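Read the structure below first, then the notes.
The values are calculated or read from the model by the stated rules, or taken from the named source; none is laboratory data. Fair warning: this is a prediction, and the values are worked out from it, not measured in the lab. Note that each Cβ is placed from the backbone with ideal geometry, even for glycine, and that neighbours are counted across all protein chains shown.
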Amino acid sequence: MKLPLLALTLLPCAVAQALTIELRYELPGSQFYDQPGAKAALRAAADFYEKLITDQLGAINPGQFAGATWTPTYADPLTPATTVNMTAQAGLVVPANTIIIYAGAMDLGMAAARAGAGGALLNVGGPVTWWNQVVNRGEPGAVQIVSGNYTLNPIDFAPWGGVIFFNSAINNWNFSTTDATGIAGPDALSVALHEMGHILGLGTYRADCSWTTRINSSNGLFTGPLATLSFGANPQTDGVHVLPGVTKGGAYGCFGIDHGKLVFPLMSANLPASDVFHVPTDLDLAMLRDIGWELSIPNRAISVATSPLGRVSVPTTTGFSYEIYRSSDLSAWGLPATVLEGNGKVLNWTDPNPSAKAFFRANRNPAVAAASMEAAAAVKKAAGDDAIPAALIPPSAPSPVMCDCGRVH
């Protein structure tokens, strides 16, 4: 009789430098986060993205460029058409492989929170190499400043960071990172995961963001190849949020949600009250990869059902194929018994001879690369322009944007 077996995928994973997300509480209303558990909820959301993202981002350090200065900016959460200059943070130094998120709070009416990637006010007379370091962090596929203008259709995004505002008028926030509250109040963890997705560029509809490159301006469809594979079609958006209708996708297993559980995408405009946290789905992570972020998604354990079922279950991710190998004695594996194409769900394969003793393993291989990653390798970083006269005026930066998220998350 075949015994139950728990087997780990055997494909080795290279150790990659993780992103650092630094949280700072220096914006209006930041005392909101002095409530017990508030900062821990934001930290848990930041830790989730830190462990996945492996992009190598250059430092923003004015001290490395003669005459360089800058001021971070963000869109006012109450009047998004208004840009707020962060004068207290002028000359901000952002370390390599780091983004900085500033947190504040105010009465946002019906919105649970609002967030957006930051913008930049650049100095007149600064070297163009400096300007580019601020706007693209050295990422070749991100927006470039060339001949006094921003390049069009970037395929990567590398912000200095951004801002997040929670609604301080809501008095029943749940700051737990282990227990969701259902209809009793919004879960800060779910909201933070959603809003940080905006800061990373999901829904950042502005000229210097690769999200805009992926949006069909005539119908709002997101055209990223991995997202299309994950969703089965081009996901419909309103330009900022995913509009999944009644379609759900497989959850990325985290915060108590099983991998592959059918849930609404995290980047939906409004998420219903639930007894579980809203977490990123395979579609959300596919969109992150499509706009240029490099993710290191870990292999997950496979499981084998007991005889007589003989069923191998594999948690999968879109963009990878999973070769299932079978061996009777661990000495020879032969050719794959089957190949499963990842779609974010837990996929099953049934052993045709379940009564015989067998061992199983799964090798994960990239099945398809995001077009943005392929294209990025062919894009050369704009040449330095230190020789341009010091009186050159930097182009007006695209105005930062602020999402307007629904109250229920």
message: If I filter the range 146-155 for residues that are closer than 27 Å to residue 20 by Cα, assigned to a helix (DSSP H, G or I) and assigned by TED's automatic domain parsing to the domain that holds residue 82, do I get at least one hit?
response: no
- line: Every listed condition ((1) at pLDDT 90 or above; (2) surrounded by fewer than 16 Cβ atoms within 10 Å (Cβ to Cβ); (3) not in a strand (DSSP E or B)) holds for residue 48 save (2)
message: Looking at the range 119-139, can you tell me whether even one residue there is part of a loop (DSSP other than H, G, I, E, B) and touching a helix residue (DSSP H, G or I) at 6+ places or on another chain (Cβ under 7 Å)?
response: no
Test: residue 268 is under 30 Å from residue 154 (Cα atoms) and at pLDDT below 95: yes
message: Anything in the range 182-204 that is farther than 22 Å from residue 256 by Cβ, in a loop (DSSP other than H, G, I, E, B) and not β-branched (Val, Ile, Thr)? List them, or say none.
response: 200, 201, 202, 203
- request: Could you name every one of the strands (runs of 3 or more DSSP E) located completely within the range 312-362 that has at least 1 residues being among the hydrophobic types (A, V, I, L, M, F, W, C) and surrounded by fewer than 16 Cβ atoms within 10 Å (Cβ to Cβ)?
  value: 338-341
query: Has the range 124-137 got any residue that is under 25 Å from the mean Cα position of the chain (by Cα) and closer than 29 Å to residue 271 by Cα?
result: no
query: Of 75, 41, 96, 59, which residue is surrounded by 17 or more Cβ atoms within 10 Å (Cβ to Cβ), within 21 Å of the chain's Cα centre (by Cα), modelled with pLDDT of 95 or more and at negative phi?
result: 41
field: Selection count where residues are among the small types (Gly, Ala, Ser) and crowded, with 18+ Cβ neighbours inside 10 Å, scope the range 290-311
entry: 2
query: Of the residues that make up the range 343-358, is at least one in contact with a helix residue (DSSP H, G or I) (Cβ under 6 Å, 6 or more places away or on another chain) and of a type outside the set (S, T, N, Q)?
result: yes
- prompt: Restricting the search to the range 227-247, which residues are part of a strand (DSSP E or B) and either polar (S, T, N, Q) or at pLDDT 95 or above (or both)?
  reply: 236, 237
message: On the basis of being polar (S, T, N, Q) and at pLDDT 95 or above, does residue 129 make the cut?
response: no
- request: For residues that are assigned to a loop (DSSP other than H, G, I, E, B) and out of contact with any Pro (no Cβ under 8 Å at 6 or more places or on another chain), scanning just the range 205-226, find the one that is surrounded by the fewest Cβ atoms within 10 Å (Cβ to Cβ).
  value: 218
- prompt: Which one of these does residue 273 not meet: (1) modelled with pLDDT of 95 or more; (2) part of a loop (DSSP other than H, G, I, E, B); (3) among the small types (Gly, Ala, Ser)?
  reply: (1)
Selection count, the range 99-116, where residues are in a loop (DSSP other than H, G, I, E, B) and at pLDDT 95 or above: 1
- request: Can you run down the residue pairs with Cβ atoms below 6 Å, 6 or more apart or on separate chains, where the first is in the range 193-220 and closer than 20 Å to residue 120 by Cα and touching a residue at least 60 places away in the same chain (Cβ under 8 Å) and the partner is in a loop (DSSP other than H, G, I, E, B) and hydroxyl-bearing (Ser, Thr, Tyr)?
  value: 211/204
message: Among the residues in the range 248-261, are any modelled with pLDDT under 90 and surrounded by fewer than 24 Cβ atoms within 10 Å (Cβ to Cβ)?
response: yes
- request: Give 22, 26 a once-over and let me know the one that is in a loop (DSSP other than H, G, I, E, B), closer than 30 Å to residue 172 by Cα and among the acidic types (Asp, Glu).
  value: 26
- request: With respect to residue 177, determine if the residue is under 29 Å from residue 93 (Cα atoms) and touching a helix residue (DSSP H, G or I) at 6+ places or on another chain (Cβ under 9 Å).
  value: no
- request: Taking the residues in the range 249-269 that are aliphatic (A, V, I, L, M) and in a loop (DSSP other than H, G, I, E, B) as candidates, determine which candidate is farthest from residue 226 (Cα to Cα).
  value: 269
field: Pairs, first surrounded by fewer than 16 Cβ atoms within 10 Å (Cβ to Cβ) in the range 139-156, second not in a loop (DSSP other than H, G, I, E, B), C-beta under 8 Å, six or more apart
entry: 153/213
query: Among all residue pairs at least 6 apart or on different chains, which show Cβ distances below 6 Å where the first residue, located in the range 230-246, is more than 16 Å from residue 219 (Cα to Cα) and the second is assigned to a helix (DSSP H, G or I)?
result: 230/282; 230/283; 230/286; 231/283
- prompt: For residue 179, are the conditions met, namely being within 21 Å of residue 288 (Cα to Cα) and not in a helix (DSSP H, G or I)?
  reply: no
